[in-house]
Amino acid sequence: MQIQPATPDAPWPAISEAAMAKAAALGRRDGLAGHVRDFALEETPGGMAVIDTVQRAAMPGAPLGITHSRLMLAAVRQCYAAGLHHGGDVRREKSRRRG
């Protein structure tokens with residue numbers, strides 16, 4: 001599956017796929033490193049954006065319409081949690097194998 005770049009006029013699925021794929025990748029990376037992030041919604045000039053609450057960085061993609069933003073935040077958090085769980089499992093297995 002190839003993820004389409006998110007642009008302001010991109011359809012909702014392209015924007016959501018980009019943000020969810022990014023969240024899963026961040027989760028895997030953080031799981032490998034033993035870190036955890038939190039995401040929230042923040043109003044931007046063009047609409048709502050999903051942001052990393054510590055770094056204050058927005059997820060990739062165009063601002064979200066109000067009708068999609070809560071669903072998007074839930075999806076991003078779920079993808080991040082799945083990636084975090086997977087990365088943590090890999091980190092623990094590597095540690096176990098090293099002895």
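Within this structure, ARG77 passes the test of being at pLDDT 85 or above, part of a helix (DSSP H, G or I) and open to solvent by 60 Å² or more (accessible area, probe 1.4 Å).
Criterion first (assigned to a strand (DSSP E or B), modelled with pLDDT of 80 or more and not aliphatic (A, V, I, L, M)) does GLU93 satisfy it? So GLU93 fails the test.
Just give me the residues in the range 29-58 being of a type in the set (Gly, Ala, Ser) and either over 23 Å from VAL90 (Cβ atoms) or open to solvent by 40 Å² or more (accessible area, probe 1.4 Å) (or both), in sequence order. Within the range 29-58, ALA33, GLY34, ALA40, GLY46, GLY47, ALA49, ALA57, ALA58 meet the criteria.
Annotation for the range 25-46: no member residue is over 14 Å from HIS85 (Cα atoms), assigned to a strand (DSSP E or B) and in contact with a Gly (Cβ under 8 Å, 6 or more places away or on another chain).
The values are calculated or read from the model by the stated rules, or taken from the named source; none is laboratory data. Computed from a predicted structure; not experimentally measured. Note: ideal-geometry Cβ built from the backbone for every residue, glycine included; neighbour counts use all protein chains shown. With ligands, DNA and RNA removed, areas are computed over all heavy atoms of the protein, side chains included. Shrake-Rupley method; radii C 1.70, N 1.55, O 1.52, S 1.80 Å.
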